[in-house]
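Report on the structure given below.
None of the figures in this text is laboratory data; all of them are computed from the coordinates on show. Source: prediction; values computed, not measured. Cβ: placed from backbone, ideal geometry, glycine included. Neighbour counts: every protein chain shown.
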Amino acid sequence: MTHPLWNPGLDTRPWALTQQLQLAEFGRLLDRLAANEAWAARLPAGRTYAHLDDLLDVPFTLKEDLRAAQADITPARPLGAFQNAPTRDLVQVTSSSGTTGAQTFFGLTRTDWGRWKDRIGNAYRTAGVGPGDVVALTTGMAIVAGGLPYADGIREAGGVLAWIGGQTTPRMAFGMQRLAVNVLVSTASFATHFADRTTDELGVPAPSLSVRTVIAGGEPGAGVPHIRQGMLDAWGATRVSEFMGLADVLPAMWAECEVGNGMHFTAAPDVLVELIDPDTLAHVPWEPGATGEAVYTTLSREASAVVRFRSRDQLLVTGVSCPCGRTAPTMRCVGRTDDMLIYKAMNVYPSAIREVVLDVASPVLSGTMRIRKSSAAQVRFDDDIPLEVELRDGVTAAEASAVLREAAESVREKLRVRVAVEPVGFGVIPVSDYKNALVYVP
Ligand SMILES: [Zn+2]
């Protein structure tokens with residue numbers, strides 16, 4: 001079922017007009033931040049911004065800047081040098097997942113919290129949630145972006161929040177059945193894993209339950225056709241909506257509508273998004289087929305702002321005029337700049353390797369795979385890149401060997417890199433309920 005647009009006025013406003021209004025807001029944000037010593041030392045104030053390129057000489061905020069500012073704390077300012085509202089005005093703290101280093105923390109004032117709920121509500125509405133939907137949230141941790149903020153957004157969108165995460169799998173499976181859950185919110189890898197476990201626990205196939213929409217976020221992958229089909233089959237679902245946000249900026253900023261051609265930007269009134277070329281740092285226009293790194297500015301956030309925050313997420317624009325009526329561009333996240341590997345001078349994203357491998361070998365693979373690095377810092381590979389791939393339940397390495405050779409050959413042809421494919425048994429690669437990495441160090 002398709003629910004009405006969240007805010008028809010905003011959702012259908014021309015994207016160029018949205019960007020224009022955001023530029024005016026950007027100048028006001030910098031003037032507000034000038035009252036904070038740490039921000040004042042970094043940013044210009046008293047300027048107006050009329051064109052996107054007027055932003056080009058405003059310094060980026062990097063993850064390292066956030067970590068450094070957060071290490072500089074005082075009793076009055078527990079969130080560090082960038083904290084921009086007194087602690088007595090804060091109502092909540094959230095954090096990043098900490099999968100790529102020390103956790104970073106972010107505060108919300110009551111006004112921030114209200115705006116967040118509205119924006120995240122819009123993302124859930126875009127992804128297919130509305131009144132009457134029973135929505136299972138599988139995240140176990142409350143403090144991360146996929147915890148309390150998602151819970152708020154699901155309720156805000158009109159859904160019935162069934163927060164089953166954080167319990168044992170038998171209890172989660174029981175809840176799925178007893179509550180007739182029809183929308184599952186999960187990472188892509190956990191969604192298929194959880195379907196298998198649910199089938200085992202309940203003794204009935206997961207597709208016989210009520211799940212018809214799977215909202216998949218937390219990691220790229222739900223846009224890859226074979227991974228998407230795997231999720232649909234695992235639950236007997238009719239719709240997969242990909243979902244994406246960033247703890248540092250706003251936990252849900254992109255969500256896929258019923259058309260299924262990528263994720264719309266759903267945070268427009270509160271977050272300015274720029275698309276840049278990560279090498280030249282020039283702006284990339286929002287045109288179908290364009291790729292670039294997303295850079296975010298929180299225009300309204302009072303407690304913990306970020307200005308031109310480099311996400312390291314590499315986006316591919318998939319459209320600018322969606323039949324659903326929403327005017328914000330749609331995209332797929334094709335990888336993280338940080339994850340980029342170099343094989344004999346060729347750049348390659350682990351997610352691109354996964355896509356090519358699954359194109360060929362999905363009949364024998366579970367979809368879970370990972371690249372083995374010799375150290376966390378390893379980026380270069382001079383020998384074949386070691387790739388562990390998990391076999392489907394019941395498939396042996398001998399049965400899979402011919403098609404896996406074909407997959408490695410396809411990677412060589414399409415991406416100009418060589419992988420050493422190593423099949424492992426079903427269940428060998430651990431699957432977490434939050435953020436699964438495509439690279440690992442044993
Ligand atoms: Zn759409």
Q. Whole-Hz Karplus ³J(HN,Hα) for segment 307-319, in order, using 6.51 cos²θ - 1.76 cosθ + 1.60 and θ = phi - 60°, x for Gly and Pro?
A. 10, 6, 6, 7, 7, 6, 7, 9, 9, 10, 6, 9, x
**Q.** Descending semi-axes in Å of segment 192-233, equivalent ellipsoid built from Cα gyration tensor
**A.** 21, 10, 9
Q: Kindly write out, for segment 277-289 in residue order, the coupling ³J(HN,Hα) from the Karplus curve 6.51 cos²θ - 1.76 cosθ + 1.60 (θ = phi - 60°), rounded to whole Hz, with x marking Gly and Pro.
A: 7, x, 8, 8, 6, 6, 5, 10, x, 6, 10, x, x
Q) Which loop trypsin sites (Lys or Arg not before Pro) in segment 1-55, with loop taken from DSSP, have no more than 14 other Cβ atoms within 10 angstrom of their Cβ? A) Arg47
**Q.** Added length on full extension, which subtracts the Cα-Cα distance from 0.36 nm per residue, Thr396 to Phe60
**A.** 116.0 nm
(Q) Can you give me the C-alpha center-to-center distance between segment 225-263 and segment 265-287, rounded to a whole angstrom? (A) 21
Q: State the number of lysine pairs found in the chain whose Cα atoms come within less than 30 Å, restricting to pairs 8 or more positions apart or on distinct chains.
A: 11
Q: Find out how many positive minus negative residues lie around Met231, taking Lys and Arg as positive, Asp and Glu as negative, among other residues whose Cβ is under 14 Å from that of Met231.
A: -2
Q. Which percent, to the nearest 5, of DSSP beta bridges fully inside the chain are antiparallel?
A. 60
**Q.** Inverse of mean 1/r across different Cα pairs in segment 340-440, Kirkwood, Å
**A.** 13.7
Q: Please work out the FRET efficiency for the pair Ser321 and Leu179, using the Cβ-Cβ distance as r and a Förster radius of 35 Å; give the result to the nearest 0.05.
A: 0.40
Q) Once amide H atoms are built 1.01 Å from N in the peptide plane, which residues 5 or more positions from Val271, or in another chain, come under 5 Å H to H? A) Leu299
Q) Once you charge only the Cβ atoms, +1 for Lys and Arg and -1 for Asp and Glu, what is the size of the charge dipole of the chain about its Cα centre, to the nearest 20 debye? A) 620
Q. For the pair Asp233 and Ala345, what calculated FRET efficiency results from E = 1/(1 + (r/R0)^6), where r is the Cβ-Cβ distance and R0 = 35 Å, to the nearest 0.05?
A. 0.35
Q: Sort all Cα-Cα distances of the chain into consecutive 20 angstrom bins from zero, then give the percent of pairs in each bin up to the one containing the longest distance.
A: 25, 57, 17, 0
Q: Select from the chain the helices, each a whole stretch of DSSP H, whose alpha-carbon atoms run 20 Å or more along the helix axis and whose Kyte-Doolittle mean is at least 0.0; answer none if there are none.
A: 15-33
(Q) Checking a compactness column here: for segment 254-404, what do you get for Rg(Cα) / (2.2 N^0.38 Å), N being the number of residues? (A) 1.27
Q. Mind ordering 216-222, 9-15 by average Cβ neighbours within 10 Å, highest first?
A. 216-222, 9-15
Q. Per Stokes-Einstein, at 10 °C and 1.306 mPa s, what whole-number D in µm² s⁻¹ belongs to segment 1-144, with the Kirkwood radius over Cα pairs as the hydrodynamic radius?
A. 87
Q: Given the peptides 296-308, 391-403, 194-206, arrange them by the average over their residues of other C-beta atoms within 10 Å, most packed first.
A: 296-308, 194-206, 391-403
